[in-house]
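Following: one structure in structure tokens, then a few remarks.
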Amino acid sequence: MKRRTLLAATALAIGFGGAAFAQDKTKVGFVFVGPIGDGGWTYEHNQGRLAVEAEFGDAVETVYQESVPEGADAERVLTQMALSGADLIFTTSFGYMDPTINVAAKFPDVKFEHATGYKRADNVSTYSARFYEGRAVQGHIAGKMTKSNIVGYIASFPIPEVIRGINSAYIHAKKVNPDVEFKIIWAYTWFDPAKEADAANALIEQGADVIMQHTDSTAPLAAAEKVEGVIGFGQASDMAEYAPSPRVTSIIDNWSPYYIARTKAVIDGTWESVDTWDGISTGMVGIGEITDAVPADVKAEALAIKDAIGAGEYHPFTGPLKKADGSDWLAEGEVADDGTLAGMNFYVEGITAEIPN
Amino acid sequence: MDLSAINPLVLMASIMVAATPILLAAIGELVVEKAGVLNLGVEGMMITGAICGFAIAVETGSPTIGFLAAMAGGAILSLVFGFLTQVLMSNQVATGLALTLFGLGLSALMGQSYVGVKPPATDKLDLGPLADIPVLGRVLFQHDLVVYLSLALVLVVWAVLKYSRAGLILRAVGENHDAAHALGYKVIRIRLMAIAFGGACAGLGGAYLSLVRVPQWTEGMTAGAGWIALAIVVFASWKPGRALLGAYLFGGVTVLQLNLQAAGVAVPVEYLSMSPYLITILVLVIMSADRSRAALNAPASLGRIFHASN
């Protein structure tokens, strides 16, 4: 027991020592769920990290750790980062929620920022983007473009963020194409190109000619590229290497302004725990160039939806909407509140699949 | 639920593609084990082949050269194992496990700058009118060269092992290396050649993953395929024909799992995800329940160290 106390004391001393050295520079840590070269989600977070470096130059030092598994391992990585003197740590995946909260409790002086989660503390902020706004644009294009009326959707984990995306895409596809049907595969991974490619192939074989993905790699687009007439969308990043087809447009996550603002707050000593949820209006969600593979009129409509959402004139979840079990959700003209959206655990009417637990 | 959405012909065709990497690795390992060597490093050789093939294909722009490089990469890595176990006489199980871990690490290092890179496309073999035959054409004649190569390899391995003198010598070395040695056969040399063949096959299987099936490079992308290949060799009781059956069965479960999900079958995803591995365990249990028969088929010198002086 004594030896353990001694070890802990030494570890603390080293931690404080590190913090003392780093005091002139603000140290910003990033924990990534995939490799920074995934071409999607993690790539864009890393772009944000680089933007922080470019903005503050010598005043900050950034560190990052890639491919950190969600769960207990994340806690170890976070503890290590905090011990090494990080002042601000961004944890960039939903599954880091509990590890972030746990580690934050142990390091009250370190600020934490958790992406896409809903648990906050005095030194833990949350931030996310309204990806469902981009999904509305994609859903419109999908509904207009599909010839087989089957849209394949590669989902990652059954969490509210993913379910929101499926619902938003479905609502807008259905609006322009009443016959549209969604086939959904749960991959249970954020990043596993082999599995994502297999899932895309299975969907294409079952007649899907539009593939949507909520996983981070470009593998589904690579699978779509092999089959004539199948289109897909860039996810989290532009994925322009697959343009003009199969990638017809994309949702681009732009984290840079947020990361810069939060780092600045730490430097100035004005950092507070907040909950940020921005969308197209602030540019956190960007829509990649819509290519010529999409007919001009569809493109114009899609851009109109984007502009209406950006200007706050239109909300993707506007009634009348029913839940999949037939119960009423939103009345005519009613708009979904953020609380329901943040905890969304149901499909809207029309999606026949079931959400796995 | 709508099972009619699954087209059995298309499903068959994609099972063939999904099974090709494990089939290649399994047929290579089968030859190695027939020569009396147990190489548990299949996973490591596959993943090394995957990155060697991917890197070379990207650099040269030719998938064919990539596939050749993958075979070379797998063979070179397997010869490390060969040198350790055959010349230095280390324990085969421990060395094989080490080879897997080494291969996984080495490939991750080699692949650092290839994450997210798009490889050159591998063309499908144009078989002209054959591809238009109803039913058969869709299933059999619309693949790329490697799929046919893997099938041909099964046939060749079967014929060589069964009918040729070389096959007889290989089997003799695997059944009783002392007797083979007494007859004047170079046991170590023959085993090294078998090990290299196994490595090349595993490497090719890995490259098929990274260049055709996915096609992309990521760390650990073989995701246990090498272990399944090892299980298939036992499942097949060291018979090439059965290895083919085993590989298609395992590849089939993986593909079917996703297809059932897309068709909206209300089976919990977790069960489907674990099904290939569950079947592996089941098969191994059934096999080992009948000990005498399983032992009858296994090469008698499998995993034993050969030393010429005793």
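Within the range A:100-122, being within 16 Å of A:ALA265 (Cβ to Cβ) and over 22 Å from the mean Cα position of the chain (by Cα) holds for A:ASP109, A:VAL110, A:ASP122. Restricting attention to the range A:208-218, the residues being modelled with pLDDT under 90 and at the interface with chain B (Cβ under 9 Å from one of its Cβ atoms) number 2. Can you work out which of the residues in the range A:250-296 that are in a strand (DSSP E or B) and hydrophobic (A, V, I, L, M, F, W, C) is farthest from A:MET239 (Cα to Cα)? Per the criteria, the residue is A:TRP277. It is to be established whether one or more residues within the range B:20-30 are acidic (Asp, Glu), away from chain A (no Cβ under 12 Å) and surrounded by fewer than 24 Cβ atoms within 10 Å (Cβ to Cβ). Within the range B:20-30, not a single residue is acidic (Asp, Glu), away from chain A (no Cβ under 12 Å) and surrounded by fewer than 24 Cβ atoms within 10 Å (Cβ to Cβ). Looking across B:ALA94, B:ALA69, one residue alone is of a type in the set (A, V, I, L, M), touching a Gly at 6+ places or on another chain (Cβ under 6 Å), part of a helix (DSSP H, G or I) and over 22 Å from A:ASP38 (Cβ atoms). It is B:ALA69. Considering only residues in the range B:111-149 that are part of a helix (DSSP H, G or I) and within 14 Å of another protein chain (Cβ to nearest Cβ), the one that is farthest from the chain's Cα centre (by Cα) turns out to be B:SER113. Look at the range B:141-165: where a residue is closer than 22 Å to B:ILE15 by Cα and a partner is among the basic types (Lys, Arg) and modelled with pLDDT under 90, sitting 6+ places away or on another chain with Cβ atoms under 7 Å, you get B:GLN142/B:LYS124; B:HIS143/B:LYS124; B:ASP144/B:LYS124. Free of Cβ contacts under 8 Å to residues at least 24 places away in the same chain and farther than 22 Å from B:GLY226 by Cα - does that describe any residue in the range B:66-86? No, because not a single residue in the range B:66-86 is free of Cβ contacts under 8 Å to residues at least 24 places away in the same chain and farther than 22 Å from B:GLY226 by Cα. Could you list, in sequence order, the residues of the range B:287-310 that are in a helix (DSSP H, G or I), open to solvent by 80 Å² or more (accessible area, probe 1.4 Å) and at pLDDT 75 or above? Matches in the range B:287-310: B:ALA289 only. Exactly one residue out of B:VAL255, B:VAL233 is within 14 Å of chain A (Cβ to nearest Cβ) and at pLDDT 80 or above: that is B:VAL255. Can you find, within the range B:82-104, the residue that is nearest to B:VAL37 (Cα to Cα) among those that are within 17 Å of the chain's Cα centre (by Cα) and open to solvent by less than 70 Å² (accessible area, probe 1.4 Å)? Step by step, filter the range B:82-104, then rank; the result is B:GLY96. Only one entry in A:VAL151, A:VAL77 is more than 30 Å from A:ILE267 (Cβ to Cβ), touching a residue at least 40 places away in the same chain (Cβ under 8 Å) and of a type in the set (Val, Ile, Thr), namely A:VAL151. Do we have B:LEU145 as touching a Leu at 6+ places or on another chain (Cβ under 6 Å) and open to solvent by 10 Å² or more (accessible area, probe 1.4 Å) here? Yes: the conditions hold for B:LEU145.
Can we say A:ASP238 is surrounded by fewer than 24 Cβ atoms within 10 Å (Cβ to Cβ) and over 30 Å from B:ILE47 (Cα atoms)? Answer is no for this residue.
Scanning the range B:55-70 for residues that are surrounded by 24 or more Cβ atoms within 10 Å (Cβ to Cβ) and under 17 Å from the mean Cα position of the chain (by Cα) yields B:PHE67, B:ALA70. Restricting attention to the range A:35-81, the residues being part of a loop (DSSP other than H, G, I, E, B) and of a type in the set (Ser, Thr, Tyr) number 1.
The values are calculated or read from the model by the stated rules, or taken from the named source; none is laboratory data. All figures in this text were calculated on a predicted structure; none of them were measured in a lab. Every residue, glycine as well, gets a Cβ built from its backbone with ideal geometry; the counts of neighbours run over all protein chains shown. Only protein heavy atoms, including side chains, enter the accessible area calculation; ligands, DNA and RNA are left aside. Shrake-Rupley method; radii C 1.70, N 1.55, O 1.52, S 1.80 Å.
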